[in-house]
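One structure is given here, and the rest of the page talks about it.
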Amino acid sequence: MLRPVLAALLCLLPFTASAQFTAPSGEGGAQIPPGYKKWDGGGAQQPPALKPGQKMIQSGTGFFVSNTGHIITNEHVIHGCKNVTLHGTVQPTPARVMATNNQYDLALLKTDLRPTRVANLRDQQGDILVNDPVLVMGYPLEAGITGQYKVKKSIILGLQGPMNEPQWIQFRDAALQGNSGGPLLDTAGNVVGVVVGKTRMTVHDDQSGQETVKQADVAISLNVLKPFLMNNGVYFRSRQSQSYYALDQVEGQARGYIVNIHCDAGGSH
């Protein structure tokens, strides 16, 4: 008989690390669902100590959802920030936190900057199928320093979380630290979810004594994202996903609305 012996482990992915950046401390951030705990990502090395005059900066990804400067990201990306600024494909620009939802790990930002493009949300969440190809686009690891976004291919693994959580969809391992808050895109360039973290579940076979580890990345579903936007008065764009674009076409669309989010968490020396 197969039975899960450990709840899935949620690994949050907000930060990059360098001489000027620090890895996540594991404190604060989104509320972890019952049966979950934070995971350090498998023993990542500690970042180097800050030098005099350097600041502790948290880095993640976000994307524009309105022409008037509204941006979606994860709550844990901007948690505890003294100042939030946008980087990447835009000039460094300040942003304000307008609303957060700890339960679903969503945050709404606002900036005076007007984007060259705005993300389209997929029209029907129910049209997404297991094995559908998707793309992860954002600012992982050193991209949070260089400002050069990265794109990685993946596929949908499940339409709920690993323990049937309705607020998540699963996709094959593609996200890294710093991808948090970025869009999960279908082949028409539409957003189908908001990247939030990784899960890991161990399943035990009582008869053989063997254990199987199942891992997947997870994104916040549109069934959660759309009501969050509507409740905060943001009129977003929806589009059907009947087209199949090449990778460079999807990238060409998305580069106009993805941003690198820097959070000044204090700690300057």
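The values are calculated or read from the model by the stated rules, or taken from the named source; none is laboratory data. Keep in mind that this is a model prediction, so the values were computed, not measured. Cβ sites come from the backbone with ideal geometry, for glycine too, and all protein chains shown count toward neighbours. Ligands, DNA and RNA are excluded from the accessible area calculation, which covers all protein heavy atoms including side chains. Shrake-Rupley method; radii C 1.70, N 1.55, O 1.52, S 1.80 Å.
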Task: Matching residues in segment 86-112 - criterion: being open to solvent by 60 Å² or more (accessible area, probe 1.4 Å), touching a residue at least 40 places away in the same chain (Cβ under 8 Å) and outside any loop (DSSP other than H, G, I, E, B) - done: M98
- [ ] Working carefully through the options V203, V192, find the one that is at pLDDT below 90 and not in a loop (DSSP other than H, G, I, E, B).
- [x] V203
Task: Any chance G256 is assigned to a loop (DSSP other than H, G, I, E, B) and modelled with pLDDT of 90 or more - done: yes
TODO: From (1) of a type in the set (S, T, N, Q); (2) over 25 Å from D217 (Cβ atoms); (3) open to solvent by less than 70 Å² (accessible area, probe 1.4 Å); (4) in contact with an Asp or Glu (Cβ under 8 Å, 6 or more places away or on another chain), pick out the condition that doesn't hold for N83.
DONE: (3)
TODO: Please state which of the following conditions P162 fails to meet, knowing it meets all the rest: (1) buried (at least 18 other Cβ atoms within 10 Å of the Cβ); (2) outside any loop (DSSP other than H, G, I, E, B).
DONE: (2)
- [ ] Filter segment 217-248 down to the residues that are in a strand (DSSP E or B) and among the hydroxyl-bearing types (S, T, Y), then identify the one that is least open to solvent (accessible area, probe 1.4 Å).
- [x] S221
